[in-house]
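Okay, so here's the structure we're looking at.
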Amino acid sequence: MAKLQKSIDKQNALFKATLALINNGGIQEASMAKVAKMANVSPATIYIYFENKQDLVNQLYLNVKASFSKSAFDAYNESLPVKKSFEHIWFNIAKFKMAYSQEAEFLSQCDNAPLIDLEIRKEGLVHLQPLLDLWKRGQEEGIIKEISPFLLYAYSIYPMAFYLSSVVNDICPLGDDMLKSAFQLAWDSIKV
């Protein structure tokens, strides 16, 4: 059991180091040597857990995406009305992005740059299935616009990343009123 925990700890240290290096300098800064040094493991140890750098980045993405979705759908009750359900998910995502700003920044980079293999991106979409199902239900009920889920995400979730990044970087204030306004704008962008 102790050996398994040590293995998990090393893998988490590698993820943490990779996350920090990518966020601070891009994928080119996350060389295997730098990752190993920052994680305080030998470079050969990385290859026990990952095939190569791309596998490490892909697995980091899936790990962060799983944490993101766990937070996003925490205490989610799909029997609530569409707007209330969306509001619950939206605010959970906002909480995640504020509490885990490094992970949120990494996910934004993955959305905007070809860091992640296409098949892994598709696998990552599975984590959003409850939200996609909610939007589909909303469309069936005539509440949500009949547009692609990619556009729904782009107009209702993605602007939150910009806003909360500005908050984290002390460019813009955070307050309940601002957050409520941001949600209302997100809802207005997708409702019929």
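The values are calculated or read from the model by the stated rules, or taken from the named source; none is laboratory data. Owing to the predicted nature of the structure, the values given are computational and were not obtained by experimental measurement. Ideal geometry is used to build each Cβ from the backbone, glycine not excepted, and the neighbour counts take in all protein chains shown. What goes into the accessible areas is simple: the full protein's heavy atoms, side chains included, and nothing from ligands, DNA or RNA. Shrake-Rupley method; radii C 1.70, N 1.55, O 1.52, S 1.80 Å.
Values for this structure:
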| quantity | calculated |
| --- | --- |
| The chain - mean residue ellipticity at 222 nm from DSSP helices (-39,500 (n - 2.57) per run, n ≥ 4, rounded to 500) | -23500 deg cm²/dmol |
| Percent RCO, i.e. relative contact order, over segment 1-49, from Cα pairs under 8 Å lying at least 6 residues apart | 34 |
| Accessible area, probe 1.4 Å, largest first, for residues Asp170, Asp188 | Asp170, Asp188 |
| Set Lys53/Lys145; Lys70/Lys180; Lys53/Lys136; Lys10/Lys136; Lys53/Lys83; Lys53/Lys191 screened for pairs whose C-alpha atoms are more than 30 Å apart | Lys53/Lys145; Lys53/Lys136; Lys10/Lys136; Lys53/Lys83; Lys53/Lys191 |
| 20 Å cut-off, amide nitrogen to a point 7 angstrom out along Ile27 Cα→Cβ, residues in segment 56-78 | 56-66 |
| ³J(HN,Hα), Karplus 6.51/-1.76/1.60, whole Hz, each residue of segment 38-47, x for Gly, Pro | 5, 7, 6, 9, 6, x, 5, 4, 4, 6 |
| Translational diffusion of segment 51-192, µm² s⁻¹ [Kirkwood Rh, Cα pairs; Stokes-Einstein; 37 °C; 0.692 mPa s] | 208 |
| Full-extension gain in nm, Leu174 to Gln102, via 0.36 nm per residue minus C-alpha separation | 24.1 nm |
| Å² of accessible area per residue within the chain, as computed with a 1.4 Å probe and no ligands counted | 56 |
| Pairwise FRET efficiency - Ser165 versus Asp55, Cβ, R0 = 30 Å, nearest 0.05 | 0.60 |
| Helix axis angle, 53-72 relative to the chain longest principal axis, alpha carbon, degrees | 40 |
| Sequence-separation-based contact order of the chain, relative, with Cα cut under 8 Å and 6+ spacing, percent | 19 |
| Most mobile of Ser79, Ser108, Ser156 in a GNM of the chain (Cα contacts under 10 Å) | Ser79 |
| Solvent-accessible area, 1.4 Å probe, carbon plus sulfur percent, for the chain | 57 |
| Candidates Ser85, Ser71, Ser42: whichever shows maximal mean-square fluctuation once the chain is modelled as a Gaussian network with Cα springs under 10 Å | Ser42 |
| Amide proton proximity set for Ile144, modelled H, under 5 Å, gap of 5+ | Gln139, Val192 |
| Cα→Cβ-extended label distance, 7 Å offset, between Asp117 and Tyr47, nm | 1.8 |
| Spin-label pair Gln129/Asn40, simplified geometry with 7 Å Cα→Cβ offset, distance in nm | 3.9 |
